[in-house]
Amino acid sequence: MIQVGVNGYGTIGKRVADAVAAQPDMQLTGVAKTRPNYEAEAAVRKGYPLYAAIPERADRFHEAGIDLAGEVEDMVMTADVVVDTTPSGIGADNRGLYERYDTPAIFQGGEDADVADVSFNARSNYGNAAAADVETARVVSCNTTGLSRLLAPLREEYGVEKVRVTLVRRGGDPGQTSRGPINDILPDPVEIPSHHGPDVNTIFPDVDIDTLGVKVPATLMHLHSVNVTLEADPSAAEVRELLSDESRLFLVPEETGIDGTGKLKEFAMDTGRPRGDLWENCIWENSVSMEGRDLYLFQSIHQESDVIPENIDAVRALLDWEDRETSMATTDETLGVGLESLFDGQRQRVVPKSNSDD
Ligand code: NAD
């Protein structure tokens, strides 16, 4: 069993902890928290050993009646690997702690790429993290994860000449009361490219990609408007077929009546997904179109959860525990990734309608 510690127990950390606990080959060493808030209470109720991320604050946990298993250093010492899910920039500060105990570490997409030996996306470059001299990996951001998963099969099957993406990004996560905008549409950043294109290049250094960012008053998901110029000219149906073979890509069929991110999240909750999580890229099937060699599509990305399977695979890759196919299959099976299979056999390809008044 791989002992996995999770440092930082917020949006990403609590999901990573649950995913680790569900794996047949992993054991959750514990989670480290800074404050005895509702999330600490929830961790204790789940039976997760809780460590004080900031030792001077340990008293606050005792005063709140929460038992600690120790301090974060104890967790780092015991774990075979630590997943650092602290806010952007704190991971880099924590790097010395992991080095001190020679504990391999996985960082998140809010950190600069140079925080780790490699940037990671399971489908695209699993083998890079499995290399013998690699001790640290950075799971790229939710948006970069979504783009990498999409580009990997397109590159392999057709070759990619140029990628252009406009990312319509949620202003904040549902729990982030301090984020915005509340009533605005912001070019964000106003300069081009946004950081997402260069971030995709940490996974695919040779991909020619331009990205533009927009921020909107929404919390549920991001939406990508994607144009990929391929090196071949497959039909739209062939591209749909290729994408539907990927377990972490879900082609949203028109017959479901799902017309936006609100219904996608509703669908996730109705089908019993924990926290309403959507680990898969959600690609609107009828948006998949070809104009010559130009592929167009819309995809939505659930920012809080698409990186969770990737963190689990990063653990196995970093310890050279399993090959990519085995790790991804185990992760998908234990979490229940793969909405596409729900619609096997009952899928009807529908001709897109012309439309719209906005
Ligand atoms: P979050 O604020 O929800 O959670 C971070 C947690 O870490 C909080 O509980 C915070 O109290 C705790 N923390 C702060 N300082 C700490 C320290 N020194 N030691 C231990 N814990 C500490 O943040 P998040 O959204 O989970 O983001 C974590 C990382 O994941 C960031 O790099 C972010 O960019 C990345 N990420 C976030 C999202 C998203 O949409 N939320 C998606 C993909 C990647």
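The values are calculated or read from the model by the stated rules, or taken from the named source; none is laboratory data. Source: prediction; values computed, not measured. All Cβ positions, glycine included, derive from the backbone under ideal geometry; neighbour counts span all protein chains shown. Surface accessibility is based on the protein's heavy atoms, side chains included, excluding ligands, DNA and RNA. Shrake-Rupley method; radii C 1.70, N 1.55, O 1.52, S 1.80 Å.
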Accessible area in the full protein assembly, largest first, 1.4 Å probe, for C282, C142: C142, C282
Accessible area of Y158 in the full protein assembly, 1.4 Å probe (Å², nearest 10): 40 Å²
Candidate residues S289, S300: accessible-area rank, largest first, probe 1.4 Å: S289, S300
Distance (nanometres) between label positions extended 7 Å along Cα→Cβ at S178 and D206: 4.4 nm
Dipole in debye (nearest 20) - region 1-93, about Cα centre, beta carbon charges: Lys, Arg +1; Asp, Glu -1: 360 debye
Estimated distance in nm for a label pair at E255 and E56, the labels positioned 7 Å out from Cα along Cα-to-Cβ: 6.2 nm
The chain shape via C-alpha gyration tensor axes, a/c threshold 1.5: prolate
Amide H contacts under 5 Å for T29, placed H, 5+ residues apart: V4, G5
With DNA, RNA and ligands ignored, accessible area of Y126 (1.4 Å probe; Å², nearest 10): 10 Å²
Efficiency of FRET between E41 and M77 - r from beta-carbon atoms, R0 41 angstrom, step 0.05: 0.95
Relative contact order [Cα under 8 Å, 6+ residues apart], the chain, whole percent: 16 percent
Of D306, D184, D210, the one that fluctuates the most in a GNM where the chain has Cα springs shorter than 10 Å: D184
Accessible area of region 47-135 divided out per residue, in Å², using a probe of 1.4 angstrom: 46 Å²
Region 226-245 residues near the modelled E156 label - backbone nitrogen below 14 Å, point 7 Å along Cα→Cβ: 242-245
Cα gyration tensor shape of region 89-147, rounded if a/c is under 1.5, else prolate or oblate by comparing a/b with b/c: oblate
Estimated dipole of region 197-246 in Debye, rounded to 20 [Cβ of Lys and Arg +1, of Asp and Glu -1, Cα centre]: 420 debye
Residue (of N183, V81, G47) at the positive-pole extreme of the chain, dipole from beta-carbon charges: N183
Protein-only accessible surface order, largest first, of R155, R35, R316 at 1.4 Å: R35, R155, R316
R275 - accessible surface, heavy atoms, 1.4 Å probe, Å² rounded to 10: 100 Å²
Per residue accessible area in Å² of region 256-317, where ligands, DNA and RNA are left out and the probe is 1.4 Å: 30 Å²
Three-way shape label, region 1-111, alpha-carbon gyration tensor, a/c 1.5: rounded
Label-reachable residues, region 236-257, where backbone N falls under 19 Å from a point 7 Å from E291's Cα toward its Cβ: 236-240
Dipole in debye (nearest 20) - the chain, about Cα centre, beta carbon charges: Lys, Arg +1; Asp, Glu -1: 980 debye
Whole-angstrom Cα spans of region 195-285 along principal axes, big to small: 40, 32, 20
Label-point separation in nm, A22 to T219, each point 7 Å along Cα→Cβ: 2.3 nm
